[in-house]
Each structure stands twice: as structure tokens, then as C-alpha cells.
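The next block holds one structure in the form of C-alpha cells; read it before the comments.
Derivation of every value follows stated rules applied to the coordinates shown; laboratory data play no part. Keep in mind the model is a prediction, meaning the values are calculated, not measured. Here Cβ is always computed from backbone atoms with ideal geometry, including for glycine, and neighbour counts include all displayed protein chains.
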Amino acid sequence: MPRALIGFLSMAGGGVATLGILLLLNSIPPDDEAKEEGPSTAFEVPPPPPPKVKPKPKPKPKPRQRMKAPPAPMLSASLSGLDLGLSAQALLGDMAGGLLGDTSGVVMTEDAVDVPPRPLSRPAGPYPTRARSRGVTGRVLLRVLVKPDGSVGSMKVESAEPPGVFEEAALETVAQWTFEPGRYHGTPVPATIRVPVRFELD
């Protein structure tokens, strides 16, 4: 085959190949158009949810501690050396002069004094006429204040049988009596005593 024909065919084949390449390139759309026309395969990944924060547990309130009552004093131990049968005289004897001082104005009871008052003279008083005529007898209990000189002070009716009959007569009777005064540490003191007054027919 002559060289001239081979050269012509080579040129012709090269031109056809070049033309085909150009046509192929023109038929492919650019990237932007392809993106606009074709479906997009890209997708956005949502951000992960924020981590949940657990609330801190509230501290439990401490239970209130109850105050324990103080232990009761041991009376048996503290009183073991005392004689509980002591009389008022023994308990107050040493303190009378220093702590009590002058006891002349203090009214004492017959249980508190060393020597209780006792009647020296007891003249009989009036017998209610109405009670005598009816043959009524009775009894009156008085509380009497005996002064340091032995005379009678104030008086009070504590009980009367029968009531409302002999009270006045009993007060008049005892008002005439005289007494040996009560004594405390050898000194006469005012003291109250109970005095029963009986009304009996002869």
C-alpha cells in the first residue's frame, strides 16, 4: 500500500476521533446543572441531643435529737445519812436563834412548839336557855390563839353539833379562860390550839 494512502487514512482517522471527543464533551452538562437537575444524594446529619443532666439529690434533713431528761437525783444516797424521824425541835433548834431571830411575833401551832398551851382556869359559861328547856346537848370545837401572857386572843369555830345552837355560848365561855402559854426553846410564844367545849345538862 502506498505511503501516501496510509498517511491520508491516518489523518482522516485522527480528525474523526477529535470530532467525536468534542461532541462527547459538549453532550455532558456542567456540574452545577447536574446538581440542579439531578437528585441530591447529600443529607444533613442532625446534631446529637444534649446529654441529660441528672438533678442532684437533695440532702435528707437530719432527724432532730430529743433532749434526754436529766437523771433523777438519787435521794436514797443523799438522804442515807439523815434521820427522817427528827422532830421539829431537833431540826429548828440550832437555827432558831440565828435564822429565825425574834419569834415573839410568829404564831405557831401546838405541833410546832415544845410545850403546847394548856388551860389553867376554865370557868363555866352560859348555857343557852332555849337549848336547856328542850334538853338539847352539844359540842363546839374552837381554834383559839393563846398569847404569850396566857390570855385568849382570836377564836374561830371549826365545827358545832348541832349547828347554830351553842357557837356563841362556846365563844363567851372560852374568852374567860386563862392558859399556860406555849413555849418554844423555853420562851413563851403565841400559839394556836383546838379547844373542845361540851354542853351537857346536869
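Working ranking of peptides 152-162, 111-121 by packing, defined as the average number of other Cβ atoms within 10 Å per residue, highest first, is 111-121, 152-162.
The HN-Hα couplings worked out from phi for the range 195-202 by the Karplus form 6.51 cos²θ - 1.76 cosθ + 1.60 (θ = phi - 60°) are 10, x, 10, 9, 10, 10, 7, 6 Hz, whole numbers, x standing for Gly and Pro. Annotation: extensible slack from VAL106 through GLU161 equals 16.6 nm (criterion: 0.36 nm per residue apart, minus Cα-Cα distance).
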